[in-house]
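The structure appears right after this line, and notes come after that.
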Amino acid sequence: MRARVRQVIAAILVGVAGWVAVSAARPAQEDGIRVLVATRDLPAGGRLDPGDLREQLLPTDLVPDRAITDTARAAGAVLAGPMAVGEVLTSTRVLGPGLLVGAPSDTLAVAVPVSDPAILGSLHPGDQVRILALGTGAVVAAGTVLVAQPPSSEAVGFGADPGGAGRLLAAVDEAGAAALAAAGGPSGVSVGFVIALLGPDTRALGPSLKSPKPLSNG
């Protein structure tokens, strides 16, 4: 009987030793999801380089929706808005379809030429704006700012050629996009539009234009 007990105990010990060996050889299971976070404060309009991001393991319940976890997808992407150091990169932070997440189904993203690029430094993603025709002041469209990149040159004034002098990407409805295209004419707008920033208590637009719904850019 004692011999049999010793054999059983020996078999159990061998099994435990084998399980420990296999567990030690198996890679440790990570409790969470690896995301990409900014290594420093990053400006809007900047193109992401490998040194701008690092991987960080976060608990699953702390990972934001639409987080980008693929470094290949993030490489070379252009930021639609500024990122703070340690902030998680999401698809709503880079140029692409993610910019229109949460917008009505008829929303389009359009590039808007600006007559006075100085306004771009005061605009932020999510701001509500009216787009007016230079000279007449007619409201051409209403929209939500997606990207506002100030000009790099200080020698840009009212009426200057907007090419290379910053950029504005706005979300507008289909009617607004058509109105912008029509106002540009066959050869496009050479002097750009006037951009008016709306305050939180600004009254809704007239019957010909819908007040834009705020977009989520989280």
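The values are calculated or read from the model by the stated rules, or taken from the named source; none is laboratory data. These figures come from a predicted structure and were not determined experimentally. Ideal geometry is used to build each Cβ from the backbone, glycine not excepted, and the neighbour counts take in all protein chains shown.
Taking residue 173, is it touching an Asp or Glu at 6+ places or on another chain (Cβ under 7 Å) and modelled with pLDDT of 60 or more? Against the criterion (touching an Asp or Glu at 6+ places or on another chain (Cβ under 7 Å) and modelled with pLDDT of 60 or more), residue 173 qualifies.
Condition check ((1) surrounded by 18 or more Cβ atoms within 10 Å (Cβ to Cβ); (2) within 20 Å of the chain's Cα centre (by Cα)) across all residues:
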| residue | (1), (2) |
| --- | --- |
| 96 | no, yes |
| 106 | no, yes |
| 130 | yes, no |
| 144 | yes, yes |
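Among the residues making up the range 21-72, those that are surrounded by 15 or more Cβ atoms within 10 Å (Cβ to Cβ) and either among the acidic types (Asp, Glu) or at pLDDT below 80 (or both) are 44, 45, 52. Among the residues making up the range 73-102, those that are assigned to a loop (DSSP other than H, G, I, E, B) and of a type in the set (Val, Ile, Thr) are 85, 101.
Report yes if residue 178 is more than 23 Å from residue 92 (Cα to Cα) and at pLDDT 90 or above, otherwise no. Considered against the rule, which asks whether it is more than 23 Å from residue 92 (Cα to Cα) and at pLDDT 90 or above, residue 178 comes out as yes.
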